[in-house]
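Reading through the structure tokens given below for one structure.
Coordinate-derived values only; no laboratory data. Treat the numbers as computed from the prediction; the structure is a model and nothing was measured. Cβ placement follows ideal geometry from the backbone for every residue including glycine, while neighbour counts extend to all protein chains displayed.
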Amino acid sequence: MKLNASTCSRESKRDIKLMKLDGFIPAIIYRKGDASQKIRILKKEFEAHMRQIEKGHLATTVFTVHFNGKDEQMVVKGIEYTKTTYDVLHIDFQPLTEGNIKVRVPVVLLGEKDCEAVKAGFNLKQAKRFVRVEAPVKHIPAKFEINVRGLQPREKVRVADLQKEAHVRILAADNELIVTASK
């Protein structure tokens, strides 16, 4: 997903308000060891991309940000919305450089309607919807899928049960609960 960005020399609240009225979203690029850069992104362009992203997958979506004449791969580290309309107020980007990055990866349940425990009258309760991981930039998992079709009543799935690649390190305790079938 490609976004065009331009430099932003906003200083006052008035400057930010005028920028938003012109159809831009203020953003910051946070670089490790460098000063952060203030940029602005076209609101229509960002919202068009947001409509294509699956719910909960923004943190693992890689954006190509065109800035200062070159393209750079980045992920959204933070996003701020208005409380009433959920319009985007501000975005924090982190460039994908060589090495490891920490991100929140969504946990997706498969086969909920065919689950053995649900058929027996139990409820599936998902305790964790995201799991923080540290992984090389090229190996960031898009999501963790858990097949719950064969889950029996009172059975639990924990962080240790997640299928992951060798380079991915999960930053949660192995015994943390992800999903359970209970009454």
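Observations
- Ellipsoid semi-axes in whole angstrom, largest first, where each is sqrt(5λ) of the Cα gyration tensor of the stretch 33-107: 20, 17, 13
- Listed options for Cα extents along the principal axes in Å are (1) 56, 32, 30; (2) 47, 31, 26; (3) 59, 38, 23. The value calculated from this structure is the one marked (3).
- Candidate cross-link partners of Lys38 among the aspartates and glutamates, defined by an alpha-carbon separation under 16 Å and a same-chain spacing of 8 or more, comprise Glu11, Asp15, Glu72, Glu80, Asp92.
- Sites listed here are trypsin sites (Lys or Arg not before Pro) in the stretch 57-101 whose DSSP assignment is loop and whose Cβ has at most 13 other Cβ atoms within 10 Å: Lys83.
- Unsatisfied cross-links (Cα-Cα over 29 Å) in the set Lys83/Lys183; Lys77/Lys119; Lys44/Lys83; Lys20/Lys125: Lys83/Lys183; Lys77/Lys119; Lys20/Lys125
- Each residue in Cys115, Cys8 was given a count of other beta-carbon atoms within 10 angstrom of its own, and listing them fewest first yields Cys8, Cys115.
- Cα gyration tensor, the stretch 101-182 - rounded (a/c under 1.5), prolate or oblate: prolate
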